[in-house]
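No value in this document is a laboratory result; all are computed from the given coordinates. If you're wondering where the values come from, they're calculated on a predicted model, not measured in any experiment. Neighbour counts are summed over all protein chains in view; Cβ atoms, including those assigned to glycine, are modelled from backbone coordinates with ideal geometry.
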Amino acid sequence: MRIVPARRCFLLLKQPGRCCARGRATQTASQPPDFCSDIIFEAVLFECQPMSSAITRRLFAVVPAAGHSRRMGRPKLLLPLGPGTVISRMLALLRRSEIVATVVVVRPDDEPLRTAVAAGGAIPLQPDVAPAEMRHSVEHALRYLECRYHPAPQEGWILAPADHPLLDAAVLDRLIAAWRESHDRILVPVHAGKRGHPTIFPFRLADAVFHLPGDAGLNRLLQSHAREIEQIEVDAPGVISDLDTPDDYERLLKSGQ
């Protein structure tokens with residue numbers, strides 16, 4: 001396996017329709033400390049990830065976590081769950097050899113969550129302007145991954161919204177196994193006839209995310225690529241369970257998860 005040496009490089013990004021959307025990623029010393037996206041092109045110098053010529057496809061995880069928890073009335077991702085918190089449980093399940101990196105998009109003013117994400121071994125990514133919608137959080141994460149890891153079109157990214165606390169290791173096993181065998185498909189878990197999360201996308205669709213209409217969410221991406229979807233039937237209601245309200249949290253605690 002040939003390894004291309006690390007090099008100094010410039011990251012050039014453009015955030016369509018948004019002016020001066022800066023951000024930072026808190027990482028280890030071997031990872032880039034900063035990136036910037038602007039309506040006017042702006043360059044940031046950092047150490048690039050060594051690129052490998054290995055044939056093995058890589059998989060990344062994107063966790064949008066920039067919400068305000070208004071319906072919960074308190075930071076829902078830091079709520080106690082089992083031996084840890086909601087966010088620590090999710091990150092523990094995503095911390096596996098098949099996933100090269102997990103990027104969690106956090107509001108710039110949410111220092112407690114940033115600290116928790118870093119403690120969980122993931123990369124906290126904090127745009128200077130809080131993402132208005134989940135789609136904007138995903139854009140920030142994908143741009144970061146594109147620059148940091150240069151993923152090939154056939155490699156994949158897992159969309160794992162942070163407010164789906166019942167992420168199941170067995171479901172993740174099935175999705176990753178299906179991804180290894182798939183030919184560039186979108187993989188969506190389905191329970192009781194309803195689609196849920198996490199969802200695996202090929203990286204070739206990252207550009208399609210950036211070019212969604214301004215008022216469109218990620219469901220538009222699924223609609224536009226409906227023929228490329230492979231549904232994975234699972235006996236796991238957690239794939240369709242959100243954590244939004246105090247009642248949701250009470251049910252979660254009573255479930256013993």
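Can you tell which of His140, His164, Ala92 lies farthest toward the positive end of the dipole of region 55-254, using +1 and -1 charges on the Cβ of basic and acidic side chains (Lys, Arg; Asp, Glu)?
Of the options given, the answer is Ala92.
Under 13 Å from a label point 7 Å along Cα→Cβ of Glu233: give me every residue in region 155-192 with its amide N that close.
Residues 190-192 fall inside that zone.
Which whole-number value in Å³ per residue fits the convex hull of the alpha carbons of region 64-161?
102
For a quick check: sort Lys76, Lys254 by the number of other beta carbons within 10 angstrom, fewest at the front.
Values: Lys76 25, Lys254 8.
Lowest count first: Lys254, Lys76.
For the peptides 81-93, 116-128, 207-219, what is the packing order when you average, over each peptide's residues, the other Cβ atoms within 10 Å and list the highest mean first? The partial results should precede the final answer.
Values: 81-93: 19.7, 116-128: 21.2, 207-219: 12.8.
Per-residue mean Cβ counts within 10 Å order the peptides as 116-128, 81-93, 207-219.
What does the extension gain come out to for Val190 and Asn219, with contour length at 0.36 nm per residue minus their alpha carbon separation?
8.9 nm
By the gyration tensor of its Cα atoms, with a ≥ b ≥ c the square roots of the eigenvalues, what is the shape of region 121-257: rounded for a/c under 1.5, prolate for a/b over b/c, or oblate?
Working: a/c = 1.64, a/b = 1.22, b/c = 1.35.
Verdict is oblate for region 121-257.
Lys/Arg Cβ at +1, Asp/Glu Cβ at -1, dipole of region 55-254 taken about the Cα centre: which of Pro237, Gly121, Gln154 is farthest positive-ward?
Gly121
For a quick check: sort Arg114, Arg71, Arg148 by the number of other beta carbons within 10 angstrom, fewest at the front.
Listing Arg114, Arg71, Arg148 from fewest to most nearby Cβ atoms yields Arg71, Arg114, Arg148.
Taking θ = phi - 60°, what integer Hz values does the Karplus form 6.51 cos²θ - 1.76 cosθ + 1.60 yield along region 117-125, in sequence order, with x for Gly and Pro?
Computed from phi, the couplings for region 117-125 are 5, 4, 5, x, x, 9, 9, x, 10 Hz.
What shape does region 192-257 have by the C-alpha gyration tensor, where a ≥ b ≥ c are the square roots of the eigenvalues, rounded means a/c under 1.5, and otherwise prolate means a/b greater than b/c and oblate the rest?
prolate
For Asp242 and Ala132 in the same chain, what is the full-extension length gain: residue separation times 0.36 nm, less their Cα-Cα distance, in nm?
That works out to 37.7 nm of additional length.
Suppose each label sits 7 Å from its Cα in the direction of the beta carbon; what would the Val100-Arg57 distance come out to in nanometres?
Taking the two extended label points, one gets 1.3 nm.
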